[in-house]
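Heads up, the thing below is written out as structure tokens.
The values are calculated or read from the model by the stated rules, or taken from the named source; none is laboratory data. Since this is a predicted model, take the numbers as computed values, not measurements. In this analysis, Cβ positions are derived from the backbone assuming ideal geometry, glycine residues included, and neighbour counts consider all displayed protein chains.
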Amino acid sequence: MNTKKVALVTGAGSGIGKSIALALMGDGYSLVLAGRRREPLEATAEQGRALGVETLVVPTDVSSPADVEALFASIKERFGRLDLLFNNAGIFARAVSLEELEYEQWKNAVDINLTGAFLCTQGAFRLMRDQQPRGGRIINNGSISAYVPRPNAVSYTATKHAITGLTKATSLDGRKYDIACGQIDIGNAASDMTEAMNRGVLQADGSTRPEPLMDVEHVARAVLYMASLPLDANVQFMTVMATKMPYIGRG
């Protein structure tokens, strides 16, 4: 039986998810890597194995209840417990004005960004509730968009606002099981999803301008701090952002 702490990261094949997974590996966690595509997950896992870390790759569509159920069954079978869930998987819909967004694009964002986080939280609850020692920690990847929107981003904005509600409800309902839940709201971390910001993105005043980015390593360090706390302490909300990005005063 594994004696190290076990963490699950969704969307672990690239970007923020990959950076967090590697940071947790470096901190001594065994890692469960979930995402839609096996190849990038295996690449992340290979870096962990080079460090002597035990990894489990489980290709998963987090919007699928059957996939998430299979994911947590695999975790229970391999490790017998889960100490940390980082709910990270998410997508941007096509950038269009609210009235032009197609229903399927809206639904896809809700299914992955919100329902996926809920399903993984529910699976983590059931495992953390019953394991010995009981309890664990859930960290949700929110966003600056959990507070203020970008233009032409209604589905992303709405789902990230909803993640804040999920975080609060998880914190409350998790108390009786010694489950702590916090949220990290990230602004302009350099990744594949933010490459366009170097070229220029639409601002609330109608102009298009490049935006400053920060190294994703700073996000990883912040998550490691949140994860390092004992279960009787919690970072409820943390914002980590590029200092000069348009957030304070956006719009």
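Before moving on, here are some points about what is shown:
- Filter result (in contact (Cβ under 8 Å) with a residue 40 or more places away in the chain, hydrophobic (A, V, I, L, M, F, W, C) and outside any helix (DSSP H, G or I)) within region 158-198: 179, 180, 181, 184, 186, 189
- Pick from region 177-220, criterion of a type in the set (Asp, Glu) and surrounded by 12 or more Cβ atoms within 10 Å (Cβ to Cβ), ranking: farthest from residue 152 (Cα to Cα): 178
- Every residue from region 208-228 that is of a type in the set (A, V, I, L, M, F, W, C) and over 20 Å from residue 164 (Cβ atoms): 213, 214, 216, 220, 224
- Counted residues, region 192-239 - those being under 30 Å from residue 134 (Cβ atoms) and touching a strand residue (DSSP E or B) at 6+ places or on another chain (Cβ under 7 Å): 11
- Residue in region 30-37 that is touching a Cys at 6+ places or on another chain (Cβ under 7 Å) and either assigned to a strand (DSSP E or B) or crowded, with 23+ Cβ neighbours inside 10 Å (or both) present: no
- In region 121-165, residue farthest from residue 29 (Cα to Cα) [restricted to those that are crowded, with 17+ Cβ neighbours inside 10 Å and among the basic types (Lys, Arg)]: 150
- Taking every residue in region 78-106 that is buried (at least 23 other Cβ atoms within 10 Å of the Cβ) and at pLDDT below 95 and pairing it with any residue that is outside any helix (DSSP H, G or I) and aliphatic (A, V, I, L, M), at least 6 positions away or on another chain, the pairs with Cβ-Cβ distances below 6 Å are 89/62.
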